[in-house]
1. For a label point 7 angstrom out from the Cα of residue 83 toward its Cβ, which stretches of segment 140-168 have the backbone nitrogen within less than 16 Å?
2. Rounded to the nearest 5, what is the percent of antiparallel bridges among the DSSP beta bridges in the chain?
3. Sorting 114, 217 by accessible area (1.4 Å probe), largest first, what list results?
4. Can you compute 3J(HN,Hα) from phi for each residue in segment 128-141, using the Karplus curve 6.51 cos²θ - 1.76 cosθ + 1.60 with θ = phi - 60°, rounded to whole Hz and x for Gly and Pro?
5. Which links in 2/160; 140/195; 140/208; 69/195 stretch past 22 Å when you go from one Cα to the other?
6. For a quick check of understanding: with a 1.4 angstrom probe and all protein chains in place, what accessible area in square angstrom does residue 194 have, to the nearest ten?
7. What accessible area, in Å² to the nearest ten, does a 1.4 Å probe give for residue 36?
8. If r is the Cβ-Cβ distance from residue 38 to residue 140 and R0 is 41 Å, what FRET efficiency results, to the nearest 0.05?
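The values are calculated or read from the model by the stated rules, or taken from the named source; none is laboratory data. These figures come from a predicted structure and were not determined experimentally. With ideal geometry, Cβ positions are generated from the backbone for all residues, glycine too; neighbour counts draw on all protein chains shown. Heavy atoms of the whole protein, side chains included, go into the accessibility calculation; ligands, DNA and RNA do not. Shrake-Rupley method; radii C 1.70, N 1.55, O 1.52, S 1.80 Å.
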Amino acid sequence: MKIGIVGAGNIGSALTRLFRAAGHEVTISNSRGPGSLAGLSAETGARAAAIEEAVRGQDVVVVAVPTIKIPGLPRELFASTPADVVVIDTTNYYPQQRDGHLDGIEDANTESEWVEQHLGRPVVKAFNTIEATHLLPGAKPAGSADRIALAVAGDDARAKSKAMALIDGIGFDAVDAGTIAESWRQQPGSPGYLKDYGVKGVHSALAKANPERQPEWRATPNSPGTYDSPA
């Protein structure tokens, strides 16, 4: 499978390594240009390219940039991307730590609905409920008793199924978390966020989730903080 990754921070780099280990053809990109990715490219065999090239001609595109940087992605980035290309949103909104107040997330929408509006594309929400440092050591063969499960939300059944199969292929179980409008169930502060639960635990956490954003996950007059996550 051809996979493009926009953003080569902790999540993007870990997924690059996992996708390449599973035999996928991977193109990586970030805001600093291909030259900054020479080390990761040499290590994994992934192709380093400009952001536009990471989107063009792929079967799957993973968007793994900080939420605050979504509006700064190139205009019309997905304008020529075929409708059957699966776009996976890994982002999390950290208003107090990094992103500040983002209209549309604070007011009404789920984080991924907001991402969809800026990208002009439907997305599948995945890989946002696990610490980046747990991805590589956490990958386990199918059937392992301690295999980590990841919540996956999306509106298109075909796209969600493809994303879930991709997740299974790199060492994790995938749990259908419903639609993008329901993806609040897996946002920061939800019961399953960063818990590394198995399938039963993820199902239970999704059922217990509350749509109301908790105070620690809302912007304040002092937002953002000092947490930094480069694209």
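1. Residues 155-160 qualify, since their backbone N sits under 16 Å from the label point.
2. 5 percent
3. Details: 114 10, 217 40 Å².
Largest accessible area first, the residues go 217, 114.
4. Karplus values, whole Hz, x for Gly and Pro: 9, 9, 10, 4, 4, 6, 9, 5, 5, x, x, 5, 9, x.
5. The pairs that break the limit, which is 22 Å between Cα atoms, are 140/208; 69/195.
6. Spelled out: residue 194, probe radius 1.4 Å, area about 60 Å².
7. Answer for residue 36: close to 60 Å² accessible.
8. Values: r = 31 Å, r/R0 = 0.75.
Efficiency, rounded to the nearest 0.05: 0.85.
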